Amino acid sequence: MKEHQLNAILFSDIVGYSSQMAADEATTLDVLQRNRLRHQRIVTQYQGRIVDTIGDGHLCLFSSSLDAVHAGLALQQDLHASQDETRLRVGIHVGDTVVERDGLRGIRVIGDAVNTASRIESNAPSPGVWVSARVATDLRSHAQLTFESAGMFALKNLPEPMELFQVQLASGSVPAASPRARFSYRHQRFSRASVLALGTFLVVSLAGAFVASQVFDEPEYLAVLPLEYVGADAESQYLATALSTRLQSHLAPLENIKLASQSNARRLTDASGYLGEEEVDFFIEGSLLLVDQQVTIEISVVEADADAILFSEQWQGPLDQLERLETSVLNTLGDYVAGSL
């Protein structure tokens, strides 16, 4: 399904990534993983979503220009605060986009606004956040932001020169994002007949009410997507596959969920996002990074309808302690799924 939407697009990439990878692959993979985790945390915090990653680049979608700018500034602030020497370029534009639903794992976004944001990013300094004139005009009334013209630029494949602006904070740190209002239709599945029937059971006895609650409260449908392996040693891919299988087996006995099979979960990574007639409610995704005998495991629980990350945690340790790390992952995820879904 395709929709035309007005969205803010944020592009970012790491300066010198290709040369760094050629010079020191292991260290650069570590930088790449930290950058991915940083984007996941900050983009989500400011109500955005990561639509695509290509190498070191991130394409992020926001419904608000202000959220996109705050996220771009927060990325740069986080690098500075953590004394990370990674140099990041950020470009932001707002305009019409074509949003195509592309299965459980996300959406595909195309349009002139996407191309323009990409060209702005490629011209931006590092560190820096550059925006189009349209974004600057929309946000000039916000006292905490300042916009300084960087001049007119002939951007590749665009018909006319465009004025670009450097955006900075007037003072202080980036404002925290307001909490995302969340509502799920799953809590409204009762029909009028169901409500009347439940009321009848309540009048009859407490036991009847308990039976009714068991009938009408359907288990949530959960899919464990194959974990992504990130590492220079391709032969260690099996580590991510093995952890995905262990996680699947660990969650299978839980009674509050209906678990998609591994074959269906693999299909969901690039298919429709549906299992037969029923849409998946939640999915688990993540990655396993192996660099210099050090393992980093990142796991997230995502609500499919709201595209909201409900839980995210990272585990780190030496490769010879992998079994201990995996046990911690299994216990933590099992407790969360049993108690929160």
What single numbered condition from (1) within 21 Å of L222 (Cβ to Cβ); (2) modelled with pLDDT under 90; (3) of a type outside the set (S, T, N, Q) fails to hold for V291?
(1)
Could you grab me the full set of residues in region 289-319 that are under 16 Å from the mean Cα position of the chain (by Cα) and in a loop (DSSP other than H, G, I, E, B)?
A304, D305, A306, D307
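Yes or no, residue by residue, for (1) surrounded by 17 or more Cβ atoms within 10 Å (Cβ to Cβ); (2) over 22 Å from G128 (Cβ atoms); (3) outside the structural domain of G231 (by TED's automatic domain parsing):
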position	(1), (2), (3)
L32	yes, no, yes
L37	no, no, yes
R49	yes, yes, yes
H58	yes, no, yes
D67	yes, no, yes
E85	no, no, yes
Of all residues being out of contact with any strand residue (DSSP E or B) (no Cβ under 6 Å at 6 or more places or on another chain) and under 17 Å from V51 (Cα atoms) in region 252-284, which is modelled with the highest pLDDT? Just the residue, please.
T269
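When you scan region 122-192 for strands (runs of 3 or more DSSP E) that lie fully inside it, which ones turn up with 3 or more residues that are modelled with pLDDT of 90 or more and small (G, A, S)?
So the answer is 145-153.
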For region 322-335, give me each residue that is more than 13 Å from L247 (Cα to Cα) and either surrounded by 14 or more Cβ atoms within 10 Å (Cβ to Cβ) or of a type in the set (S, T, Y) (or both).
L322
Qualifying positions in region 300-320 - free of Cβ contacts under 8 Å to residues at least 60 places away in the same chain and within 21 Å of S249 (Cα to Cα)
V301, V302, F311, E313, W315
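The values are calculated or read from the model by the stated rules, or taken from the named source; none is laboratory data. Just so it is clear, the structure is predicted and the values come from calculations on it, not from any experiment. A quick note on method: Cβ atoms are made from the backbone with ideal geometry, for glycine too, and the neighbour counts reach across all protein chains shown.
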